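Asker: Once you've had a glance at the structure underneath, I'll fire off some questions.
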There are 4 protein chains.
Amino acid sequence: MKSVVIGASGYTGAELLRILAFHPEIEVESAAAASHAGQAISGLYSSLLPFYSDAVFADVNTQVEEIASGGISVDVVFLALPHGMSQSIVPKIFDRVGLVVDLAADFRLTNPATYQKWYMHKHQAPEYIEKAVYGLPELTREELKGARLIAAAGCYVTCSTLALLPLVSAGLIERDSIVIDAASGVSGAGRSIKADYLFTEVDENFSVYGLKHHRHTPEIEQNLGATVLFTPHLLPINRGILATTYSRPTSRFVERLGADAEDSGHEFVISEMRNFYIEEPFVFVTDSPPSVKASLGSNNAMVHGTYDARTNTIITVSALDNLVKGASGQAVQCANIALGLPETAGLASLGLHP
Amino acid sequence: MKSVVIGASGYTGAELLRILAFHPEIEVESAAAASHAGQAISGLYSSLLPFYSDAVFADVNTQVEEIASGGISVDVVFLALPHGMSQSIVPKIFDRVGLVVDLAADFRLTNPATYQKWYMHKHQAPEYIEKAVYGLPELTREELKGARLIAAAGCYVTCSTLALLPLVSAGLIERDSIVIDAASGVSGAGRSIKADYLFTEVDENFSVYGLKHHRHTPEIEQNLGATVLFTPHLLPINRGILATTYSRPTSRFVERLGADAEDSGHEFVISEMRNFYIEEPFVFVTDSPPSVKASLGSNNAMVHGTYDARTNTIITVSALDNLVKGASGQAVQCANIALGLPETAGLASLGLHP
Amino acid sequence: MKSVVIGASGYTGAELLRILAFHPEIEVESAAAASHAGQAISGLYSSLLPFYSDAVFADVNTQVEEIASGGISVDVVFLALPHGMSQSIVPKIFDRVGLVVDLAADFRLTNPATYQKWYMHKHQAPEYIEKAVYGLPELTREELKGARLIAAAGCYVTCSTLALLPLVSAGLIERDSIVIDAASGVSGAGRSIKADYLFTEVDENFSVYGLKHHRHTPEIEQNLGATVLFTPHLLPINRGILATTYSRPTSRFVERLGADAEDSGHEFVISEMRNFYIEEPFVFVTDSPPSVKASLGSNNAMVHGTYDARTNTIITVSALDNLVKGASGQAVQCANIALGLPETAGLASLGLHP
Amino acid sequence: MKSVVIGASGYTGAELLRILAFHPEIEVESAAAASHAGQAISGLYSSLLPFYSDAVFADVNTQVEEIASGGISVDVVFLALPHGMSQSIVPKIFDRVGLVVDLAADFRLTNPATYQKWYMHKHQAPEYIEKAVYGLPELTREELKGARLIAAAGCYVTCSTLALLPLVSAGLIERDSIVIDAASGVSGAGRSIKADYLFTEVDENFSVYGLKHHRHTPEIEQNLGATVLFTPHLLPINRGILATTYSRPTSRFVERLGADAEDSGHEFVISEMRNFYIEEPFVFVTDSPPSVKASLGSNNAMVHGTYDARTNTIITVSALDNLVKGASGQAVQCANIALGLPETAGLASLGLHP
């Protein structure tokens, strides 16, 4: 199948090129970039030289027009653009392309009012919101089959949702009690050329950002049907997200455990998670809290949970690579499902350690 | 005044040597180490070469015996040893030395039963616990004046306590609702030669440790008179601690703000913190959340707080250098107070950035 | 085909497990470790959990005995042990196994006297030295076909040799003039639990080691038939080697260029390198100096060269991942050749960026 | 004495503010910045908050005009601007200020033709070149006394010159044989907001830049009276420079050593260096190769040298903090000398480790 990557000069775009280079069924027909059109792909990403040695970035607008006009025919379009741009592109190409996978936040929130509140502008293509299937296979696998527009879940959202979903959906966590304290590597900000992301500002540093107002909050709330306080931190690493969550157990949790909570709480939480993910190809429940390194460069997510009887708190810890399971790997996994390909096609790998 | 540093080959010991090199009143008479006795100080710490060019590490046992026997006379002894060793040394030297400052956890907990519960062995010198003054000047300055045995506060504990103390002591935070999510640079583990602290295991990584059971928990609880859930993480940086805390406001907080909580909550929290620390030489309340880099190499601590009306949560963020305000700088600050020296002697500096 | 990895708990061993997990022809029958026998592989390397979820490390001695006694039958044995151990294992298993690939230095030097001089002990199995084929496909591909014992080239050696080989073998570089200034990530030291490799000692640091005496020197000299001064540095990164070399051009080089050296020297050097590597699947000549990041996690090596007329110096810059093309990837590439498999089997991937 | 820092929002400017905060004789009257005028200093550098809590950046042009017009009277002006700007400012303020210390390259090269060749534009204030004293105390201490315009030496240049000067000036090194392979932390590039200096591009990376053409080359050549091939690399660290140099000994060196070169060469090189620096307050000759960490945050430089008889090469290794001894510390040291203050005033400190 033929694909086009639009927004290929950013980190999620380049990661799509890296993954698709060895995908058995989907090949990259063209890689378009806004600010680097006409330049060699390997000039920006020397790591891609061995596979894309002669390729240059196409221009985003030209590429979109060609698709919109039927000038070229493609099976899948991946949109890896800064937030807000997909809203103007999707209406132009939707009818011409079998599948559009959007990696941005444009079509993730199902309620346009919620979108407007957190993103502080009116959605430009609300009629496409309901055509979009939310792209988190562990939550929406059935809807993804045959989907024509996918809004792939965000990085923090995937990490947090995968940890909490088994427990929230089983009614074990109070839905107004969730605190998510998370940390991400710098690539989560994309290839943004801002002072905040200079090596000298991030290295040997650690800081909170978006306190109280991060836009991933409503997306997590939508997935869980719960209220969450979400606080992201910036880690001095390239890739990787770790989310530590704290929540109060419901009376149902307490009843299930009985007098035995202190001793059996941990095992109960772990076994709930294991049962939930037993069939999943990319989610692994670990015996001890995972570290971000376990997933580096792979589509594997690691989740862990426990119960602290002393403070009556359910704690989860989860980790993944924000550019793979948190973005481009997830987009390919969703595309595989939508297109009827094996779900793991092009995605089988293990994390680098060290 | 003459001082001896015992445990000088570890990171807090070496940091004492760095700070005391230019202290106007306290000089280092001897630096003793258990595993490196007889070796050049500059062989282990080339950074110390310019001041300690010909010095070698003395032997810990020999040094302790000399002090105990009155063979040498010193004004201050700093104990920078792995946890548990000070209990056997303090009884030997207490009567011979004007001031002992212990950087370990041996004499921090005032209740021996609490000590035994978290450290899982019986305290070896319980009669010295009540002689010890807890060394956190912002909490115990008056008691420190003229103290003869100081148990300097720990790194995580200082960072967390400084953030929460103004709000807890004003009755604004529910004492059973505090979650502390913190992260530390690797030097917090000391110079431990374990696989977990290899560069290749820590770099590009981020992980939880001591989940539910970290020994700093009861020390924070003792300072605040509250129950806390404390979760430390390991950061891929050398120095620095950041603590993010979440807690429920009391009805008193809500009453003080009235209908105006959403708008004025932030200012109220900040102003409470500012008033509390207005006279402090080393604690600074920042307008936005601080980052660990702000304190690198200095004794300065940065604290910030806010209120999230949406989830009815008080959030604080605080940062410091774990080896300075979190250990050796704090020890010197406490010694200055106890000895009647200017509190900032030897400690005036600004953090390195970048 | 069935393989056994001996020394699987070290970094090159774990990297073999990572690569072989998705090798189309070679599967891992057993992974043996000296110090972690009986432990879960995923306990040490959580990244390997998705593929090796239930596997435990076998014991090295037991495994060697089983192979030696014919108790199990394997096609390939990979030895990923600390230096010196292969000398005692190879004689035991050589007759029982189709192919032994040694990742250590034991069988790389063809002259036992040179071995003894640099390693400062007598070789324990000199009769196997001449049975061994040196494992650097770009230099020894023909000899590798059908080999039964391969001494895979070292990491610094591969990086330096690939850069200099085209120019030395064309007679363009004076053979007594070569300076190699190189730097490696910390994984080059293996999983050594020593103070020198603690995060706190390496992070934000850069230093020379093995000055004048590094054991990779004679191996580079053997490959090039030249005398080299080789100086390695320790980089605060996990993986990656960069080698910068300086050498004097021969009169032949000067004659080829004529009066035009200043203008055409660069192009000439680059074109010599391109012609040399035009058929190679894993060596890429870059237009500008490569960085280590270009190869992260992949078997791709990047080489570049130029001529500085002002100082009459040929300069090369080359980069690779020391654990892949510098160790485990190379071992698999050599095994593929020896076993008649496609040379790139299991090795097709692009470097992670960022 | 009153000083003004012009260019205070960059890293060398902020480092001047950090150092001068506790200088016993020089105080900062004003800190001017081009792009951040009117903003709080602590907004950009939270580390400076404790000392500069209410200060804002003045505007560079306004500040320069005020000095030029005599509107304010200052004793010292530090220029910490991007290269090229000092040429237009110095002529305006030179007659109004007792001492101008320029941290840029504008007045370092004594030959305007050399300047034009390497910087590729005509010098704008050549008449001030001969008024300027080159600011490297170990080379030009006597000329610095009473100087009115100082061109402080660059970071790579200081590191390389300090290592080679004792040996070159003693006639032990062939002046056409010097290769300098050096590496710097990212702060050496200043606070440049470019893609090349993003965390995600530098972290876990290592690369060559300015190959064959770096502008520090002629400055090193001027200091040594020699031809050098200088190759800088970019290190994934904030601060620090390490320079490794390779050169051929002269016949004088060989004669001095006689048949004994292999055994005594090392000691001879070291003793030459020690004798040369015996009186220096900030240069330390180390027994083994220094690492960059030894100087972090301090004005101390570490130098080491040896002789490799096998390849007949003199090797030196030297290290310093590029923002202190390589820039702002050096500027203060030079100012101290010029103003008749104690040379070490405000500069006594030891490097941070870890």
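The values are calculated or read from the model by the stated rules, or taken from the named source; none is laboratory data. Computed from a prediction, not measured in an experiment: that's the story for all the values here. Cβ atoms come from the backbone with ideal geometry, glycine included; neighbour counts cover every protein chain shown.
Asker: Determine which single condition residue D:212 fails, assuming it passes every other condition in (1) touching a Leu at 6+ places or on another chain (Cβ under 9 Å); (2) facing another protein chain (nearest Cβ under 7 Å); (3) under 30 Å from residue B:202 (Cα atoms).
Answerer: (3)
Asker: Quick check on my filter: what residues within the range C:220-237 are assigned to a loop (DSSP other than H, G, I, E, B) and either within 20 Å of residue D:242 (Cα to Cα) or not assigned by TED's automatic domain parsing to the domain that holds residue C:164 (or both)?
Answerer: Scanning the range C:220-237 gives C:235, C:236, C:237.
Asker: Next question, about the same structure. Restricting attention to the range C:210-223, which residues are buried (at least 23 other Cβ atoms within 10 Å of the Cβ) and over 14 Å from residue C:118 (Cβ atoms)?
Answerer: Listed by number, the list holds a single entry, C:223.
To keep it simple, each residue is scored yes or no on (1) free of Cβ contacts under 8 Å to residues at least 12 places away in the same chain; (2) crowded, with 24+ Cβ neighbours inside 10 Å; (3) hydrophobic (A, V, I, L, M, F, W, C).
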site	(1), (2), (3)
B:276	no, no, yes
B:293	no, yes, no
B:312	no, no, no
B:321	no, yes, no
B:330	no, yes, no
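Asker: Scan the range C:10-59 for residues that are of a type in the set (Ser, Thr, Tyr) and either over 26 Å from residue A:283 (Cβ atoms) or at pLDDT below 95 (or both) and report the count.
Answerer: Selection size over the range C:10-59: 5.
Asker: Another one. Name the strands (runs of 3 or more DSSP E) wholly within the range C:67-165 that hold at least 1 residues that are aromatic (Phe, Trp, Tyr)?
Answerer: So the answer is C:76-79, C:133-135.
Asker: Here is a further query. Assess whether residue A:268 counts as being modelled with pLDDT of 95 or more and more than 21 Å from the chain's Cα centre (by Cα).
Answerer: yes
Asker: Can you tell me how many residues within the range B:31-48 are facing chain D (nearest Cβ under 7 Å) and assigned to a loop (DSSP other than H, G, I, E, B)?
Answerer: 1
Asker: Shifting gears a bit: Taking the conditions exactly as written (under 21 Å from the mean Cα position of the chain (by Cα), more than 10 Å from every other protein chain (Cβ to nearest Cβ) and small (Gly, Ala, Ser)), does residue B:226 satisfy them or not?
Answerer: Judged against the criteria, residue B:226 is a match.
Asker: Go through the range D:9-54 and count every residue that is over 25 Å from the mean Cα position of the chain (by Cα) and aliphatic (A, V, I, L, M).
Answerer: Within the range D:9-54, residues that are over 25 Å from the mean Cα position of the chain (by Cα) and aliphatic (A, V, I, L, M) number 3.
Asker: Does the range D:63-85 contain any residue that is closer than 26 Å to residue D:192 by Cα, touching a strand residue (DSSP E or B) at 6+ places or on another chain (Cβ under 8 Å) and of a type in the set (Ser, Thr, Tyr)?
Answerer: Within the range D:63-85 (the criterion being closer than 26 Å to residue D:192 by Cα, touching a strand residue (DSSP E or B) at 6+ places or on another chain (Cβ under 8 Å) and of a type in the set (Ser, Thr, Tyr)), the answer is no, since none of the residues qualifies.
Asker: Would you pick out the residues in the range B:63-85 that are hydroxyl-bearing (Ser, Thr, Tyr) and either closer than 26 Å to residue D:350 by Cβ or in contact (Cβ under 8 Å) with a residue 40 or more places away in the chain (or both)?
Answerer: B:73
Asker: Any idea which of B:191, B:175 is part of a loop (DSSP other than H, G, I, E, B), surrounded by fewer than 23 Cβ atoms within 10 Å (Cβ to Cβ) and touching a strand residue (DSSP E or B) at 6+ places or on another chain (Cβ under 8 Å)?
Answerer: None of the other options fit; the residue is B:191.
Asker: Return the total of residues in the range A:293-313 being closer than 23 Å to residue B:196 by Cβ and of a type in the set (Val, Ile, Thr).
Answerer: Matching residues across the range A:293-313 total 2.
Asker: Name the residues in the range C:186-209 that are within 11 Å of chain D (Cβ to nearest Cβ) and on the phi > 0 side of the Ramachandran plot, would you?
Answerer: C:204
Asker: Next question, about the same structure. Regarding the range D:249-263, can at least one residue be identified that is surrounded by 23 or more Cβ atoms within 10 Å (Cβ to Cβ), among the aliphatic types (A, V, I, L, M) and more than 10 Å from chain C (Cβ to nearest Cβ)?
Answerer: no
Asker: Which one of B:57, B:51, B:22 is more than 14 Å from chain D (Cβ to nearest Cβ) and within 27 Å of residue B:339 (Cα to Cα)?
Answerer: Matching residue, one of B:57, B:51, B:22: B:57.
Asker: Of all residues in the range D:32-53, count the ones that are within 20 Å of residue D:74 (Cα to Cα) and touching a helix residue (DSSP H, G or I) at 6+ places or on another chain (Cβ under 6 Å).
Answerer: Looking only at that region, the number is 3.
Asker: How about the range D:233-248: which of its residues are more than 15 Å from the chain's Cα centre (by Cα), more than 7 Å from chain C (Cβ to nearest Cβ) and either more than 21 Å from residue C:289 (Cβ to Cβ) or surrounded by fewer than 24 Cβ atoms within 10 Å (Cβ to Cβ) (or both)?
Answerer: Once the filter is applied, which keeps residues that are more than 15 Å from the chain's Cα centre (by Cα), more than 7 Å from chain C (Cβ to nearest Cβ) and either more than 21 Å from residue C:289 (Cβ to Cβ) or surrounded by fewer than 24 Cβ atoms within 10 Å (Cβ to Cβ) (or both), the range D:233-248 yields D:234, D:247, D:248.
Asker: Oh, and also: Tell me, please, whether a residue that is in contact with a strand residue (DSSP E or B) (Cβ under 9 Å, 6 or more places away or on another chain), among the hydrophobic types (A, V, I, L, M, F, W, C) and under 20 Å from residue C:276 (Cα atoms) can be found in the range C:126-147.
Answerer: yes
Asker: Kindly check whether there is at least one residue in the range C:1-17 that is free of Cβ contacts under 8 Å to residues at least 60 places away in the same chain, crowded, with 20+ Cβ neighbours inside 10 Å, within 14 Å of chain A (Cβ to nearest Cβ) and not in a strand (DSSP E or B).
Answerer: There is at least one residue in the range C:1-17 that is free of Cβ contacts under 8 Å to residues at least 60 places away in the same chain, crowded, with 20+ Cβ neighbours inside 10 Å, within 14 Å of chain A (Cβ to nearest Cβ) and not in a strand (DSSP E or B).
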